[in-house]
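Q: Here's a structure for you.
The values are calculated or read from the model by the stated rules, or taken from the named source; none is laboratory data. From a predicted model like this one, the values you see are computed outputs, not experimental measurements. Cβ coordinates were reconstructed from backbone atoms using ideal geometry, including for glycine residues, and neighbour counts include every protein chain displayed. Note: accessible area is taken over every heavy atom of the protein model, side chains too, but ligands, DNA and RNA are not part of it. Shrake-Rupley method; radii C 1.70, N 1.55, O 1.52, S 1.80 Å.
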Amino acid sequence: MLLTLREDADPAALERALRGLGLWTRRLTDGRQGAIAVVPPSPEVPAARLRDLPGVAAVLESGSPHPKVDAQPRPTWLEAGPTFIAGPCGVESEEGVHLAAEMAARAGATVLRGGAFKPRTSPYAFSGHGRPALRWMRAAADAHGMRMVTEVMSEAEAEAVAEVADVLQVGSRNMQSFALLHAIGRTGRPALLKRGMAATLEEWILAGEHLLHAGAASIVFCERGVRGFDPATRNLLDLGAVAVLKHALGMPVVVDPSHAVGRRDLVAPLAAAAIAAGADGVIVEAHPDAAHALSDGPQALDAEGLALVAARIGVAA
Ligand code: PEP
Ligand code: MN
């Protein structure tokens, strides 16, 4: 919202009054006239209430293209401190996902990750065990009192995943698969929205708007690195986008340092950097036997690696 000021207005006094209502403000100059913008993460206050404040000439409503994302409260599944999400890249076996959940829980993670449906570059690569893996994963999460997040790859599976998962993940490759976003939204479940590999911040936020518009309970953004020019790391972790989402826009965001960097030895420092930049949590890959992982072995953490991440982000093991 933008407040334009009367000529006789006292902008400093008006700003104090707005802050007294819990609003965040930014002073602007609108040609000859002064103006004050009400910026996120301000709570919603009816425009009529602001129009009555001394010195206000007019209240212009923002007409944001993503009003539902702007207005959503903090998703309830996020912890008060950093949320630690960990687990295998893909759910490879019933026993394997139990071992991974045990490792993750022991390190202090409260949410288990893992793919039952895996998007793979090659059609010959392991692409997940599908529906049975959902059941194995649910049991493993329950055994350790964890929530679970898993990717939905197709509209046809959205309901089946929603029946067992606490949070439905949209993968990078599907960030703008609009029919899939709508199907996930229609389940009414919380969603974790990974950033497309070459998506702008605005495209990413609008994908979130699609989910909420279709009925998702909440969305959390997940920065996982964008396509860079340098093969030294798997992707280019965009911590600037994390800071913009959190500090300028007041939106919930977690970071996936595993897919960003692609090497297990660099996951902990990037996890620490993510929290410093404002992330609400991190999502990392871990495997009980990384040397034999069927996908993303080079970035999979062992128990020691998980404990190091927990220490660096300030989560008690
Ligand atoms: C994943 O988290 O399992 C995954 C496939 O990541 P991304 O969509 O970010 O590549
Ligand atoms: Mn992976």
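Q: Residues of the chain: accessible area per residue at 1.4 Å, in Å²?
A: It amounts to 44 Å² per residue over the chain.
Q: Please give me, ordered by residue number, the GluC sites (Glu not before Pro) of region 1-98 that lie in loop per DSSP and have at most 11 other Cβ atoms within 10 Å.
A: Glu7, Glu44, Glu61
Q: What does the net charge come to around Ser42 if you take all other residues with beta carbon closer than 12 Å to its beta carbon, with K and R at +1 and D and E at -1?
A: 0
Q: Net charge around Ala316, counting only other residues with Cβ within less than 13 Å of its Cβ (Lys, Arg = +1; Asp, Glu = -1)?
A: After counting each charged neighbour, the total is +1.
Q: Nearest 0.05, what FRET efficiency do Ala139 and Val45 give at R0 = 45 Å with Cβ-Cβ as r?
A: With a Förster radius of 45 Å, E is 0.45.
Q: Could you compute the FRET efficiency for Arg26 and Met197, with r as their C-beta to C-beta distance and R0 at 45 Å, rounded to 0.05?
A: The computed FRET efficiency comes out at 0.90.
Q: Hey, what's the Cα Rg ratio for the chain versus the globular rule of thumb, 2.2 N^0.38 Å?
A: 1.10
Q: For labels at Arg131 and His292 in the simple 7 Å Cα→Cβ model, what's the distance in nm?
A: 2.9 nm
Q: Where does the Debye-calculated log10 I(q)/I(0) of region 239-317 sit at q = 0.15, 0.16, 0.23 Å⁻¹, using only Cα point scatterers of equal weight, no solvent?
A: With one equal scatterer per Cα and no solvent, log10 I(q)/I(0) is -0.50, -0.56, -0.98.
Q: Oh, and also: Only Cα pairs under 8 Å and at least 6 apart count here; give the relative contact order of the chain as a rounded whole percent.
A: Relative contact order of the chain: 16 percent.
Q: On to the next question. Under a crude label model (7 Å from the Cα following the beta-carbon direction), how far is Arg6 from Gln176 in nanometres?
A: 4.8 nm
Q: Further question on the same structure: Consider a paramagnetic label point 7 Å from the Cα of Arg186 along Cα→Cβ; state which residues of region 192-218 have an amide N under 16 Å from it.
A: Of the residues in region 192-218, 210-217 have backbone N under 16 Å from the label point off Arg186.
Q: If you don't mind, another one. Express the carbon and sulfur contribution to the solvent-accessible surface of region 132-238 as a percent, rounded to the nearest whole number, probe 1.4 angstrom.
A: Roughly 52 percent of what the probe reaches on region 132-238 is carbon or sulfur.
Q: Taking the chain as a Gaussian network, where each spring joins two C-alpha atoms under 10 Å apart, which residue of Leu112, Leu201, Leu193 fluctuates the most?
A: Highest fluctuation of the listed residues: Leu201.
Q: Continuing with the same structure: Hand me the chymotrypsin sites (Phe, Trp or Tyr not before Pro) from region 84-167 located in a DSSP loop with no more than 14 other Cβ atoms within 10 Å, in residue order please.
A: Tyr124
Q: Please report the carbon-and-sulfur percent of the accessible area for region 276-317; probe 1.4 Å, protein heavy atoms only, DNA, RNA and ligands left out.
A: Its accessible area is 57 percent carbon and sulfur atoms.
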